[in-house]
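For reference, the structure discussed in these notes is given below.
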Amino acid sequence: MRKRFYILFVARGEDGQLRKIHIPVHYLYVLIVGAAIGALSLTGIASSYLRMLLKVSRFNQLQTEKEDLKGRYSKLEQVAKERDIQVASLGSLAGEVSSLYGLKSDPLLVANSPDEIQNSEVTSSLDQLYALRTSALSGATMTGISLGLTRNVTTADWVRANSAPNIWPVEGHVTGSFGERIDPFNGEGAFHSGVDIASSYGQGVMAPADGVVVFADFMGGYGRAIMIDHGHGISTRYGHLANFAVTAGQHVHRGDTIGYVGLSGRSTGPHLHYEVRINDTPVNPHKYLRLTFAHAGGFSAGS
């Protein structure tokens, strides 16, 4: 079989003489295969190098994130230590204030380990401090102290005392007591469901505790009357008013003006008929008339 050749002509010298180079076909095939293998090898090497660069970049990124997390953790540890110091200080302050006013500490939860005991003590101290702060801001502390609740009590006792209608709605002399009495209109015995407090016509009537106005209208012998629901089954009534300062559904706070003394309804003169009811049953208001609203935001002992 005749062999196949590729002939390569090469010019040589200035005279342009040609030289023929015979290249067998199988040599050319070997050259092409070698070039292809070389190209694939270079591509593999470049790909491996690129993957290595990506891994190095990812490693550096993770290393940076690790250092950042370590820095944040150190800061959190510092904040936690400062918080522990503050908690200890606040717990000590709460204990001192409680001791000063004779407050009882709530019993600690029984724990199984020293860490749990420490956590329960910290929680109890913080709860007591927050309770003291809340009672102070709400006026319960002032009310409790004014009522003489300073020994062997808790902040819950102050809060309960503060939620009860324990201030005089108006200042004045009690002209009609709670219970059986002689009816001033017919001279017969009758049950008086509240107390009558003498006051000048138009004198402002104050809410003795926080609550919701459930009635503000004319009501038979009460004349113009207001009813306030203070929650926990406690409500109050105000009769013979000259006018209203609130409407039904309105929320009122201790010391807010709700109406004005008058003589509407079955009345012999300007005064306030005041009732305290527990589950809608009249009780003697005298046990609640402990304070007078001396000035805005302050209380003094009543007579």
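Computed from the coordinates by the stated procedures, all read-outs in this text should not be read as laboratory data. This one's a predicted model, so the numbers in the text were calculated from it and none came from an experiment. Using ideal geometry, Cβ is built from the backbone for each residue, glycine included, and neighbour counts are taken over all protein chains shown.
Stretch D229-E171 to full length: gain in nm at 0.36 nm per residue minus the Cα-Cα span? Numbers along the way, then the final one.
Numbers: separation 58, 0.36 × 58 = 20.88 nm, distance 2.18 nm.
Difference between extended and current length: 18.7 nm.
Could you calculate the FRET efficiency of H251 with E67 from 1/(1 + (r/R0)^6), where r is the beta carbon distance between them and R0 is 51 Å, rounded to 0.05?
On the way: r = 56 Å, r/R0 = 1.09.
With a Förster radius of 51 Å, E is 0.40.
Kindly identify the range 167-301 as rounded, prolate or oblate by the Cα gyration tensor criterion: order the square roots of the eigenvalues as a ≥ b ≥ c, call it rounded if a/c is under 1.5, otherwise compare a/b with b/c, prolate if a/b is larger, else oblate.
Working: a/c = 1.37, a/b = 1.35, b/c = 1.01.
Note, shape of the range 167-301 comes out rounded.
Could you tell me the relative contact order of the range 230-292? Use alpha-carbon pairs under 8 Å, at least six residues apart, and round to a whole percent.
Details: 88 pairs, mean separation 24.1, N = 63.
Once normalised by length, the contact order is 38 percent.
Where does each of 185-194, 170-179 land if you order them by average Cβ count within 10 Å, highest first?
On the way: 185-194: 12.4, 170-179: 15.6.
The densest-packed peptide leads the list: 170-179, 185-194.
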